[in-house]
Structures are given as C-alpha cells and as structure tokens.
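S.K.: Next up is a structure, given as structure tokens.
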Amino acid sequence: MRHATVSSRRSWLAVAVLLLTTLACGFQGGAFGPVPTPRATNQVLVPLVGGGVPQGPAASEPALMNVTPLAGAMPASGGPAEGLLITVPSAGQGLHSAFHVEGLADPAFAQQLYLLVRDAKGTVIAAGRPTVQAQTGQRGKFSAEVPMPADLPPQTGRVVVYAISPRNSGLTHLSSVEVQLNSAAPPAAPIDPATPEGITIAFPNPGAEVKGVVKVAAATMFGPKVIVEVRDANDKTVGRVEQSVEQIAGQPAQVLVEVPIQVSAAQPGRVLVYTLNPRDGQTEHLSSVEVNLAP
C-alpha cells in the first residue's frame, strides 16, 4: 500500500512537471522574454478576506461560468493569454485628473468587471465598473474613464481590475498595475495584447472532482511566495498552503503543492493561486479554477 501511494505521488508529480514544462514554452519571448515588455502587476479590492484575497460586491444570480486561464485565447507564443490584461495605463505611468483605463478580458459574469484605484496606503480613491465589450461568453476589450482627486499628493498607486463569481461573489481573477498618481511620468512601452497569463493553473482541470488532498500544479511569473487556497461553495477557505518559489528573470516558476481539505458534503468549489505584493501585503495577481469538492 505504501509503495502504491509513493508511486501515485511520483506519477502525479511527473505529469505536473511535464505540463508545466510545456506551459513554460509559452512564456518565451513577448512580454515575458529576456527583455520583457513592462507589464501589469496585481493588487486587491475591497473588502479583504482571509489571506489577503479580495472579495467583490454581492451577486444574487445563479452560477453561470468561471472561465479559467487555460480556457482563454491562446497567444502567438503558445501559452494561455492573460485572462485580465490591463494595457492602459502601463507600469510606472503618471496619472492625473480623469484618466483612461483599458484592456482585454476573458468572459465575465454578465460581462461585468470591477475597477479600483488605490493610493500608496491602499486606500480606495476611485472606482468604476467597466464592461467586457463582447457578446456573452466571448473575450473582448474593456475601458473606463476614472476621475482622481485633484489635491492628491504625488505618490505610487495601483489600478486594479477584477472579476467575481456569480455563485458567491468570490474573486475569480485579479490584475493590477503600479502607477504614479498625480504625476506626469510618461507611459512605458506598450503592453503586448498576447501577454501570457501571469499565473497559469495546469492542474486540476476545470470541473475536476477533488477530495482529501487537492493536488495543484501552476506556473507563475510572480513570487517569491505563492499561496494556494481551496474554497467551498460559500467562498470559505477549506484548505491553504504557502510555497516559496525561486524566480529567474523572464522565466516562470513551478508551483507543485498538495492542499489537505475537509468538507462535509459534495459541492462546487474553487482553487485559487495568488501572490502578495511585498510593498503592502495585498494581492498582486490571482488566477482560479472551478472544481467539485467531494467529502
């Protein structure tokens, strides 16, 4: 029995490493190549829930879908496209008065996204609700005009865009970009629309049944600490593991973890993989995949 358990674990690890190696090929060149195009880092919304993961506004409609990064459009590089890509503003760009935000997003519930602007202390100073400008179930552009307080002192800030689940308003994807508030700093190089997903979950597959111990494999361009959580139908954390990753510039790091969980009844759930920004401890980038939890 022990031999069978060890063999099973080695088999899953071997498959996971193969998946991650294949995914890593998609990160070569483009925004994550040796000379990466400046791109978004990611942050958080309100209010915070356990582990620094944000929770969006309430939604009463039944669950319709949760498009995982692996289900998104495939860029020319061969990897999955970033599920929520902010193309304007670019990293380090100065913003003042009313400014423009735009990007590309995978399908969202009712094609609705949420936007926040945070100052250096993490305080929300502006908000918006951009819509994915495409038919239901299709990836498309989003944009918003965002006002900013005129008397705000120059400082580092963050533009945040995120999507929520219609089942429990839990976070499904989050992206953000660090900017300079009340500043005239010029924009950086344009963001490549085919930028690969910053955190790609290779395992488990969408809709997979998991129980006891959830095996998770992911590739991340963020770190050095990665947090993996499993949440139940009510967005309650039922399992959580942290893993440190070693990062090499322009290369994705592998995340291979086993997350013990315990649930009392079969129910839908979600696996989250995210990182926290070392400056303020808030969520930097987050991806998720829908699964089915079994007791």
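The values are calculated or read from the model by the stated rules, or taken from the named source; none is laboratory data. Since we're looking at a predicted model, the values are computed, not measured. Every residue, glycine among them, receives a Cβ derived from its backbone with ideal geometry; neighbour counts consider all protein chains shown.
S.K.: Checking the structure you have, find out if any residue of the stretch 216-229 is charged (D, E, K, R) and farther than 27 Å from G122 by Cα.
M.R.: No: the stretch 216-229 contains no residue that is charged (D, E, K, R) and farther than 27 Å from G122 by Cα.
S.K.: Only one of (1) surrounded by fewer than 24 Cβ atoms within 10 Å (Cβ to Cβ); (2) touching a Lys or Arg at 6+ places or on another chain (Cβ under 7 Å) is not met by R231, so which one is it?
M.R.: Going through the list (1) surrounded by fewer than 24 Cβ atoms within 10 Å (Cβ to Cβ); (2) touching a Lys or Arg at 6+ places or on another chain (Cβ under 7 Å), R231 breaks only (1).
S.K.: What pairs come out if I take residues in the stretch 105-120 that are under 15 Å from V160 (Cβ atoms) and pair them with residues that are charged (D, E, K, R) and assigned to a strand (DSSP E or B) whose C-beta lies under 7 Å away, six or more apart or interchain?
M.R.: From the stretch 105-120, the pairs are R118/R158.
S.K.: Please state which of the following conditions A126 fails to meet, knowing it meets all the rest: (1) of a type in the set (A, V, I, L, M, F, W, C); (2) buried (at least 21 other Cβ atoms within 10 Å of the Cβ); (3) in contact (Cβ under 8 Å) with a residue 24 or more places away in the chain.
M.R.: Every listed condition holds for A126 apart from (3).
S.K.: Another question about this same structure. Could you go through the stretch 194-211 and let me know if any residue there is more than 14 Å from the chain's Cα centre (by Cα), closer than 27 Å to S97 by Cβ and β-branched (V, I, T).
M.R.: no
S.K.: Let me ask something additional. Mind checking whether some residue in the stretch 146-162 is surrounded by 21 or more Cβ atoms within 10 Å (Cβ to Cβ), of a type in the set (V, I, T) and in a loop (DSSP other than H, G, I, E, B)?
M.R.: Checked against the condition, which is being surrounded by 21 or more Cβ atoms within 10 Å (Cβ to Cβ), of a type in the set (V, I, T) and in a loop (DSSP other than H, G, I, E, B), the stretch 146-162 yields no hits at all.
S.K.: Here's a follow-up. Taking the stretch 179-212, which residues are crowded, with 21+ Cβ neighbours inside 10 Å and among the charged types (D, E, K, R)?
M.R.: Matches in the stretch 179-212: D192, E197.
S.K.: Does A110 satisfy the criteria of being in a loop (DSSP other than H, G, I, E, B), in contact with a strand residue (DSSP E or B) (Cβ under 9 Å, 6 or more places away or on another chain) and at pLDDT 50 or above?
M.R.: For A110, the condition - in a loop (DSSP other than H, G, I, E, B), in contact with a strand residue (DSSP E or B) (Cβ under 9 Å, 6 or more places away or on another chain) and at pLDDT 50 or above - is not met.
S.K.: Another question, if that's okay. Can you tell which of A202, A219 is touching a residue at least 12 places away in the same chain (Cβ under 8 Å) and either within 26 Å of R279 (Cα to Cα) or polar (S, T, N, Q) (or both)?
M.R.: The match here is A219.
A quick yes/no check of all residues on (1) in a strand (DSSP E or B); (2) among the basic types (K, R); (3) over 16 Å from the mean Cα position of the chain (by Cα):
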position: V226; (1), (2), (3): yes, no, no
position: V238; (1), (2), (3): yes, no, yes
position: V257; (1), (2), (3): yes, no, yes
position: V263; (1), (2), (3): no, no, yes
position: V273; (1), (2), (3): yes, no, no
position: R279; (1), (2), (3): no, yes, yes
position: H285; (1), (2), (3): yes, no, no
position: E290; (1), (2), (3): yes, no, no
position: P295; (1), (2), (3): no, no, yes
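S.K.: Additional query: Counting just the residues of the stretch 95-107 that are of a type in the set (G, A, S) and at pLDDT below 95, which one comes out nearest to the chain's Cα centre (by Cα)?
M.R.: Among those residues, the one meeting the criterion is A98.
S.K.: Among residues belonging to the stretch 235-278 that are basic (K, R) and touching a residue at least 60 places away in the same chain (Cβ under 8 Å), point out the one that is farthest from N168 (Cα to Cα).
M.R.: R240
S.K.: Given the structure, is P193 without any contact (Cβ under 8 Å) to a residue 24 or more places away in the chain and not charged (D, E, K, R)?
M.R.: So P193 fails the test.
S.K.: Which residues, taken from the stretch 244-255, are outside any loop (DSSP other than H, G, I, E, B) and within 17 Å of the chain's Cα centre (by Cα)?
M.R.: Those that are outside any loop (DSSP other than H, G, I, E, B) and within 17 Å of the chain's Cα centre (by Cα): A253, Q254, V255.
S.K.: Out of the stretch 113-126, which residues are within 20 Å of the chain's Cα centre (by Cα) and either closer than 17 Å to H173 by Cα or in a loop (DSSP other than H, G, I, E, B) (or both)?
M.R.: L113, Y114, L115, L116, V117, G122
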